[in-house]
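Contents: one structure, followed by commentary.
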Amino acid sequence: MTRAFNFSAGPATLPEQVLRQAQEEMLEWNGVGASIVEISHRSADFMAVAAQAEADLRRLIGIPDDYAVLFLGGGATTQQALLPLNFAEPGQRADYVVSGHWGKTAVKQAQPYVDAHIAASGEADGFHDIPAVAQWQLSKDAAYVHITANETIHGIEFRDVPDVGNVPLIADFSSSIASEPIDVSRYGVIYAGAQKNLGPVGIAVVIIRRDLLERAGQPRADIFDYRSHVARDSMLNTPPTWNWYLAGLMFKWMLAQGGVEAFAKLSQAKSALVYEAIDGSGGFYRNDVVPAVRSRMNIPFFLADDALNARFVSESKAAGLLALKGHKAVGGIRASLYNAMPLAGAQALAAFMRDFQQRNG
Ligand SMILES: Cc1ncc(COP(=O)(O)O)c(C=O)c1O
């Protein structure tokens with residue numbers, strides 16, 4: 001068996017240890033005589049897995065008691081539609097700060113339900129920077145302010161929590177959750193699809209300050225109501241049990257590695273290696289993001305000669321470095337460096353980049 005270094009943006013690499021444990025437990029789990037995917041979500045055995053996953057995530061991220069934690073089937077895009085339904089009145093204004101592709105999808109998903117106001121956008125400048133907070137056109141009566149903590153495609157990351165006064169700040173942390181310590185109390189809602197830093201695709205984590213659950217929101221079916229999910233411990237309907245279990249294994253693995261402090265150091269070191277290979281290439285490689293907001297998780301870059309892209313992707317693959325093709329919206333190359341990517345992966349990529357440059361520069 002050869003496991004390559006997998007730089008996929010998501011679904012993404014998982015630790016071998018987690019996959020091996022899941023493999024070992026696949027046919028028969030915990031002495032119950034069946035696989036965990038074959039037992040009821042309402043069984044005491046599964047309920048214990050679910051409760052432990054929540055407890056571990058709370059410990060990992062430092063989630064205070066006045067925040068509810070939901071594990072919901074589906075991805076982050078669904079949450080982008082549920083946010084306005086739950087936290088804004090019909091047609092009420094909600095402010096959106098757009099720093100890349102996923103900020104735009106958040107606006108699109110909210111538009112049927114609210115006056116989705118773009119308070120600031122980096123689009124006119126090609127999404128190379130986050131507009132300065134002082135320039136944001138925030139609305140006094142906004143239901144919330146929405147940001148994307150890390151833009152997976154454009155490689156732009158907030159390095160500070162913006163001060164938006166008393167209006168709740170909602171943040172899409174899909175591609176950077178659990179990669180460094182954060183102060184949860186600065187946010188009204190944090191949400192993330194799991195398939196990057198938290199485990200498998202098919203489940204999303206939503207962390208909600210409990211007072212926001214008292215908001216009337218908009219007419220909606222029970223299944224779209226966060227309050228109902230909180231009241232039923234994310235088991236209003238059949239949850240994706242396998243994904244929940246795998247995410248739970250991932251939380252335990254991250255805690256055992258030293259938690260978010262350890263991943264902050266690791267992601268700093270890994271991303272520095274790749275940015276150094278880009279910045280030290282004399283223009284052979286290029287990343288256009290303003291250094292202060294460069295993402296530690298997703299690094300898009302371009303070769304001066306676009307015609308070399310396909311060779312870069314095929315040769316890197318042959319060298320055991322997978323999924324480096326850039327997203328079609330921006331082209332070029334992209335390296336995703338989530339928590340499960342070891343330092344050796346970033347070292348191998350940086351060495352490959354230098355070697356490729358020598359051979360083709
Ligand atoms: C930052 C961010 N937000 C939202 C999404 C959409 O997530 P999903 O495909 O889980 O709906 C993605 C997917 O890559 C993402 O990177």
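The values are calculated or read from the model by the stated rules, or taken from the named source; none is laboratory data. This one's a predicted model, so the numbers in the text were calculated from it and none came from an experiment. When we count neighbours, we look across all protein chains shown, and the Cβ atoms used for this are built from the backbone with ideal geometry, even at glycine. Please note that ligands, DNA and RNA were not included when accessible areas were found on the heavy atoms of the full protein model with its side chains. Shrake-Rupley method; radii C 1.70, N 1.55, O 1.52, S 1.80 Å.
Quick look at the numbers
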quantity	calculated
Accessible surface, the chain, averaged per residue in Å² (probe 1.4 Å)	42 Å²
Residue among Ala22, Gln80, Leu349 farthest towards the positive dipole end of the chain, charges placed on Cβ	Leu349
Distance (nanometres) between label positions extended 7 Å along Cα→Cβ at Ala216 and Lys328	4.3 nm
Protection-proxy order for peptides 65-71, 16-22, each taking the mean of Cβ atoms within 10 Å per residue, highest first	65-71, 16-22
Distance-filtered residues of segment 82-104 - backbone nitrogen under 18 Å, label point 7 angstrom along Phe224 Cα→Cβ	82-94
Global form of segment 113-177, assessed from the alpha-carbon gyration tensor, a/c cut-off 1.5	prolate
Dimensions (Å) - segment 217-269, Cα atoms, principal axes, largest first	47, 26, 15
Among Gly320, Tyr191, Ile39 the positive-end extreme of the charge dipole of the chain (Cβ point charges)	Gly320
Note, ³J(HN,Hα) from phi for segment 145-157, Karplus 6.51, -1.76, 1.60, rounded to Hz, x at Gly and Pro	10, 10, 10, 10, 4, 9, 8, 5, 8, 8, x, 10, 10
Spatial separation of Cα centroids for segment 193-262 and segment 96-153, in angstrom	23 Å
Rounded to 5, percent antiparallel among DSSP beta bridges of segment 16-256	50 percent
Helix-derived mean residue ellipticity, 222 nm - over the chain, DSSP H n ≥ 4, -39500 (n - 2.57), to 500	-10500 deg cm²/dmol
Contact order normalised by residue count of segment 259-360, Cα under 8 Å, 6+ apart, percent	32 percent
Carbon + sulfur, % of accessible area of the chain - ligands and nucleic acids excluded, 1.4 Å	51 percent
Cβ charges +1 (Lys, Arg) and -1 (Asp, Glu), total dipole of the chain, debye	560 debye
Close Lys-Lys pairs in segment 245-361, where close means Cα under 30 Å and separation is 8 or more or interchain	9
Length gained when the stretch His117-His41 is fully extended (0.36 nm per residue, less Cα-Cα span)	23.4 nm
